[in-house]
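Presented below is the structure to which this report refers.
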Amino acid sequence: MSNLIREKCKSLRLAYVADIYEQIPFENPEQYISDLLQQELEHREVAKGERLIKKAKFMNEKELEDYRWSEH
């Protein structure tokens, strides 16, 4: 990818478009833009979840299977 496209994506704060634009199949312009923006939104949601979990500073990962129900 050219540095020009990468810089434009950075300026527009489209962090993931720069990485995924070549992977999306092109059928027509509307479909391509729609799929590209959908992928950007999905990547942002995943990153947001990871960021919030990190920000919460959970000590240990817990599972319901590990909970001792009989003690209460």
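The values are calculated or read from the model by the stated rules, or taken from the named source; none is laboratory data. Everything quoted here is computed from the prediction, not taken from an experiment. We work out accessible area using only protein heavy atoms, side chains counted, and drop any ligands, DNA or RNA first. Shrake-Rupley method; radii C 1.70, N 1.55, O 1.52, S 1.80 Å.
Just to be sure I understand, how many residues within the stretch 32-72 are under 15 Å from Arg13 (Cα atoms) and of a type in the set (D, E, K, R)?
5
Would you kindly identify the helices (runs of 4 or more DSSP H) lying entirely within the chain that contain at least 2 residues that are open to solvent by 100 Å² or more (accessible area, probe 1.4 Å)?
Correct list: 3-11, 29-56.
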